[in-house]
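One structure below.
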Number of protein chains: 2
Amino acid sequence: MGDTPHTAERPLANGQTRIDFQTEPSRYRHWKLNIAGDVAALLLDVDEKGALFDGYELKLNSYDLGVDIELADAIERLRFEHPQVRVVVLRSGKPRVFCAGANIRMLAGASHAHKVNFCKFTNETRNGIEDLSENSGLQTICAINGAAAGGGYELALAADYIMLVDDGSSAVSLPELPLLAVLPGTGGLTRVSDKRKVRRDHADFFCTTEEGVKGKRALDWRLVDEVVPGSKFEEAVAARAREFAARSRRGNGGQGIKLVPLSRTFTPDGVDYGTVASDFDRPGRIAIVTLRGPKVPPPASADAMVSLGAEFWPLKLARELDDAILNIRLNEFDVAAIVFKSSGDPADAVAYEHFLDANKDHWLVREIRHLWKRVLKRVDLTSRSLVTLIEPGSCFAGTLAELAFASDRSYMFLGQREGDNKPPAAMVLTKANFGAYPMSNGLTRLASRFLANPGDVETAKSQSEKMLDAETAQRLGLITFALDDIDWDDEVRVFLEERASFSPDSLTGLEANLRFAGPETMESKIFARLTAWQNWIFQRPNAVGEAGALKRYGTGQQPVFDTRRV
Amino acid sequence: MGDTPHTAERPLANGQTRIDFQTEPSRYRHWKLNIAGDVAALLLDVDEKGALFDGYELKLNSYDLGVDIELADAIERLRFEHPQVRVVVLRSGKPRVFCAGANIRMLAGASHAHKVNFCKFTNETRNGIEDLSENSGLQTICAINGAAAGGGYELALAADYIMLVDDGSSAVSLPELPLLAVLPGTGGLTRVSDKRKVRRDHADFFCTTEEGVKGKRALDWRLVDEVVPGSKFEEAVAARAREFAARSRRGNGGQGIKLVPLSRTFTPDGVDYGTVASDFDRPGRIAIVTLRGPKVPPPASADAMVSLGAEFWPLKLARELDDAILNIRLNEFDVAAIVFKSSGDPADAVAYEHFLDANKDHWLVREIRHLWKRVLKRVDLTSRSLVTLIEPGSCFAGTLAELAFASDRSYMFLGQREGDNKPPAAMVLTKANFGAYPMSNGLTRLASRFLANPGDVETAKSQSEKMLDAETAQRLGLITFALDDIDWDDEVRVFLEERASFSPDSLTGLEANLRFAGPETMESKIFARLTAWQNWIFQRPNAVGEAGALKRYGTGQQPVFDTRRV
């Protein structure tokens, strides 16, 4: 079905056995991050020889996951390391080409699982760019001098403002359908229809036209925000950057902090990060992700927090959890379920919630909350069954309790284990559970959970700051099942075994539907309707079959289509 | 890829070569419609031997498209023939089983194209049941005495009120995932999460539990509205029916009209209905659907309209267009594009719009408007490229103009054809274009079209009732392109040829995304995110491969899954 065999995911070009999501500017091969005062430039200058996998070259500023990992890293550094930056200009470091989009030969050779998860990650990165603008005031200008095709234009679509040089040839395009028989993979259709509100018949023309649209028509059809003659382009881009910077509310944050490399210990069956441990039960097809509570009390002041930098527990935990989730997503396809556990004293975790709340207007606290929001959304969107086990000695309090609400099910231990003196499991709700972390659908997890009776959210809120035992948590509807020592081991084991026995695809579809009740946003539309259609098309012989367009692209042979409309 | 070969769609059991959507109660094999005063009973009593295709029997009140065609017909007749009915009780005519859902052997043997279009039709029928309640005041009670599994429970979910007998064994269930490795195909997940607002972890448990949920838990988890001991079930159902009937605002409509059989002439390359003609250009993979304007002026009064019954032009046109669309969807998979044309005088069509508007509170006019709303939604949801050609001598006025707005593109002829005395093409907007026909997303087609500038809707409205020539229509943004005699033939031909050359799957995905900008509703969620995930899963080897669950169901062999999560 177009998939490479199960046991042989594509070899990495760098000789490593797993895709690494950690990088830093000094190691970038494809992007340059230049900062001058309050304006940053992010230059895409892809190293053709720097592909993630063997077997293709990254020509024409085309990208693969490796390129996007650097972009995602650069965006995080703008948030945390450069709080003075007010505007970022996205542009190409190569002449006459902005970006040719995702590398087609990479796509043609990738497993379905990699393709789908690659698209998910690039989508998250683009949503992160929009979040940077909306919530941190760092706006993005995309300056297109050359061709912005497919994923290249989709990258532009994430910007607040798109400038296109008017030189008779530079164009924006989404040629996926006519060229490759697939859909744009990174939110392009949704952003064209819902963000830029391009009229549907214009969008239809645009998305079925290989060469795209340029000049005045691109402007008239709302595909770009400004077209500028080549001779005035640099000047216009600089002027817009100054204007955007002047309007930005960002930039009173003082010094940034350094996002030091994560310290990780890899073993054959796990990764230990420090505040997070990821353990793989491979026969059971389970990843147990344990979050460790703080070992020290919160710092005495916001300045002390800044001094701690990336060692500050909430930030360290978020970064490590993010890496753990991405590692499972892209390197551990066989994991059926992620089991969240935690260890520590809920009171210690609550103390950090109080610290964050007391300093909620500090730029670094804001960025940490937004990072957690994005990490938790990443969890929501991870196509593995999610289960939280709330056991004696755990610390699911405030932000950590969100993992229980993000899970498909949660089990909470009633009382203590025989012969174990760990304190009974307790969950604690804090302010963070009632607004800090909206899901893709715009609602908090508790509001999504209690869609039937919004009053249940208020009832839960009235119990904030209390140590809620399993019976109380169950009565409040915060957990799925409360089990005592007699039932716990068997019930949890049977559930996890059963989960691993189901068809992975049907679980993915089920969870994608049940996790996001209620309203839809552009973001949820991208991850739900658009992604699902893409996945479907990525399975169809017309795209990925031996005679399909994706396989035949560049061979000189025309694709052969099954002409039935479905 | 799980599809039967292109040239051999499954043979029909009745010896016919095409699926027929026309039926009437005297021909029903699976449903009984009993009417007693203001209460109707719709009894599902499937004839095992009455399958649409060869090769399977419809055991345990399972269904195929043939069963659902009868249900859809019965619902239409309740609307038009029985305006006195205020409540309908949906139940089984068989003991100990309500409905086992879609027939699994039918699904296992069906082409992907049939499966997808079967699900689309059953979804439309269930949405029609909800529309009947919301807009015509005819509420539905579902009385479940026995097992309601899969599609059986999904049928119940369309009702306003679900009653379940509490007999220790009757249960509701969605066992598709554990049994078949697919998703419930008829909106079940969305109605569980968004209509009944079942808590997501309860929904997760419910949808992964083969045996389903019964009794008090079904009630507590909001899966049903009432559980009743077996000894009191009949009495309780009758009491609820009386209560619902007493509360209904329906039933002042007097006599119904008869939905007489459509008169159709089939030729090898088309169907002529009278007010609609459907012509197939098979080499070009185009269906040209021509709508003919009225031949007589509107009747003198509402009573005269009732006397005309199904011959009343707007009603006849809607029914014939609906049949034409369904015929293309389920019998003509090779059609890449539907081209809408019309013939007649726009003024004549406008006269009918005025008649309908003047009588807008008459029950029959309301039903006709709602029928048009549903037919136009059916057009929106048809996975073929839609194009409207507005030529000299056409009558795209009011309701008919909606087809241009439903189309992916529209082309309008500038001036007259050389040597042809037909009057220049004109489009006319009427009140009907500004509220009568919301799309699945809840917006009018013009509001969806002008999402960027809602003021454009107002500007268009100010031009209502005027004969808009091609230049004006283009200026108002109502059409995609205006072309003169010199360019028309070539441009239209090239467009249609190009369209037919693209991958059908990618067009389906593209159109499904671009047609529905803006807000989402439960209905749009069903047709977009849920359907897309289903289609994906219906392509995956874990479901439809030789060792997949759908293929192996009932064979005694366990399915073998590719365990990778995607």
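The values are calculated or read from the model by the stated rules, or taken from the named source; none is laboratory data. Predicted, not measured: the structure shown is a model, and the values here were computed from it. Glycine also receives a Cβ, built like all others from the backbone with ideal geometry; neighbour counts cover every protein chain displayed.
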Total residues in region B:105-161, condition closer than 13 Å to B:R374 by Cβ and of a type in the set (D, E): 4
Any hit, region A:452-462, residues being buried (at least 17 other Cβ atoms within 10 Å of the Cβ), more than 10 Å from chain B (Cβ to nearest Cβ) and closer than 30 Å to B:T563 by Cα: no
The one condition in (1) touching a Gly at 6+ places or on another chain (Cβ under 8 Å); (2) outside any loop (DSSP other than H, G, I, E, B); (3) not polar (S, T, N, Q) that A:Y56 fails to fulfil: (2)
Yes/no for B:S307 being of a type in the set (S, T, Y), out of contact with any Pro (no Cβ under 8 Å at 6 or more places or on another chain) and modelled with pLDDT of 95 or more: no
Residue ID - nearest to the other protein chains (Cβ to nearest Cβ), chosen from residues in region A:466-487 that are β-branched (V, I, T) and either closer than 21 Å to B:R200 by Cα or touching a His at 6+ places or on another chain (Cβ under 6 Å) (or both): A:T480
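Residues of region B:183-204 being more than 7 Å from chain A (Cβ to nearest Cβ), assigned to a helix (DSSP H, G or I) and free of Cβ contacts under 8 Å to residues at least 40 places away in the same chain, which ones?
Step one: of region B:183-204, the residues more than 7 Å from chain A (Cβ to nearest Cβ) are B:184-188, B:191-192, B:195-196, B:198, B:202.
From the residues that got through so far, the ones that are assigned to a helix (DSSP H, G or I) too are B:188, B:191-192, B:195, B:202.
B:G188, B:V192, B:H202, listed by residue number.
When the residues of region A:488-527 are filtered to those that are among the polar types (S, T, N, Q) and assigned to a loop (DSSP other than H, G, I, E, B), which remaining residue is nearest to the other protein chains (Cβ to nearest Cβ)? Spell out how you get there, then give the answer.
Initial filter on region A:488-527 (among the polar types (S, T, N, Q)): A:501, A:503, A:506, A:508, A:513, A:521, A:524.
Add one more test, that the residue is assigned to a loop (DSSP other than H, G, I, E, B), and what stays is A:503, A:521.
Numbers: A:S503: 3, A:T521: 9 Å.
My answer is A:S503.
Out of all the residues in region B:446-473, which are in contact (Cβ under 8 Å) with a residue 60 or more places away in the chain and either outside any helix (DSSP H, G or I) or within 31 Å of the chain's Cα centre (by Cα) (or both)? Break it down stepwise before answering.
Initially, region B:446-473 is screened for residues in contact (Cβ under 8 Å) with a residue 60 or more places away in the chain, giving B:447-448, B:451, B:465, B:467, B:470, B:473.
Selection gives B:A447, B:S448, B:L451, B:E465, B:M467, B:A473.
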Tally of residues being surrounded by fewer than 24 Cβ atoms within 10 Å (Cβ to Cβ) and within 14 Å of chain A (Cβ to nearest Cβ) across region B:414-444: 5
Residue count for region B:177-222, restricted to those that are within 25 Å of the chain's Cα centre (by Cα), buried (at least 24 other Cβ atoms within 10 Å of the Cβ) and not aliphatic (A, V, I, L, M): 8
Answer residue from region B:7-40, given it is of a type in the set (A, V, I, L, M) and not in a strand (DSSP E or B) and is nearest to B:L90 (Cα to Cα) among those: B:I19
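Any residue at all in region B:360-373 that is assigned to a loop (DSSP other than H, G, I, E, B) and within 14 Å of another protein chain (Cβ to nearest Cβ)? If you could, list the steps in order and put the result at the bottom.
Step one: of region B:360-373, the residues assigned to a loop (DSSP other than H, G, I, E, B) are B:360-362.
Imposing the further condition that a residue be within 14 Å of another protein chain (Cβ to nearest Cβ) reduces the set to none.
The answer is no, given that none of the residues of region B:360-373 is assigned to a loop (DSSP other than H, G, I, E, B) and within 14 Å of another protein chain (Cβ to nearest Cβ).
If you go through region A:314-359, how many residues are closer than 29 Å to B:T563 by Cβ and aromatic (F, W, Y)? So that I can check it myself, show each step before the final result.
Of all residues in region A:314-359, those closer than 29 Å to B:T563 by Cβ come to A:320-342.
When the remaining residues are screened for being aromatic (F, W, Y), the result is A:333, A:340.
Residues that pass the stated criteria total 2.
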Residue count, region B:545-566 (criterion: surrounded by 24 or more Cβ atoms within 10 Å (Cβ to Cβ), more than 7 Å from chain A (Cβ to nearest Cβ) and among the aliphatic types (A, V, I, L, M)): 1
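Does A:R217 fit the bill of being modelled with pLDDT of 95 or more, under 30 Å from B:T444 (Cα atoms) and in a loop (DSSP other than H, G, I, E, B)?
Numbers: modelled with pLDDT of 95 or more: yes; under 30 Å from B:T444 (Cα atoms): yes; in a loop (DSSP other than H, G, I, E, B): no.
For A:R217, the condition - modelled with pLDDT of 95 or more, under 30 Å from B:T444 (Cα atoms) and in a loop (DSSP other than H, G, I, E, B) - is not met.
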Among (1) outside any strand (DSSP E or B); (2) farther than 27 Å from B:E520 by Cβ; (3) within 14 Å of another protein chain (Cβ to nearest Cβ), the one test that A:Y411 misses: (1)
Test: A:E154 is within 17 Å of the chain's Cα centre (by Cα) and surrounded by fewer than 24 Cβ atoms within 10 Å (Cβ to Cβ): no
Residue check, A:A110 touching a helix residue (DSSP H, G or I) at 6+ places or on another chain (Cβ under 9 Å) and closer than 25 Å to A:S173 by Cα: yes
Single condition A:R105 does not satisfy, out of (1) surrounded by fewer than 21 Cβ atoms within 10 Å (Cβ to Cβ); (2) outside any helix (DSSP H, G or I): (2)
Of residues in region A:223-272 being touching a residue at least 12 places away in the same chain (Cβ under 8 Å) and part of a strand (DSSP E or B), the one surrounded by the fewest Cβ atoms within 10 Å (Cβ to Cβ): A:P229
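Considering only region B:273-298, state which residues are part of a loop (DSSP other than H, G, I, E, B) and under 19 Å from B:C395 (Cβ atoms).
If we filter region B:273-298 for residues that are part of a loop (DSSP other than H, G, I, E, B), which is where we start, we get B:273-275, B:282-285, B:293-298.
Scanning region B:273-298 gives B:Y273, B:G274, B:T275, B:G293, B:P294, B:K295, B:V296, B:P297, B:P298.
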Selection within region A:484-511 - touching a helix residue (DSSP H, G or I) at 6+ places or on another chain (Cβ under 9 Å) and surrounded by 19 or more Cβ atoms within 10 Å (Cβ to Cβ): A:R499, A:F502, A:S503, A:P504, A:D505, A:S506, A:L507, A:T508, A:G509, A:L510, A:E511
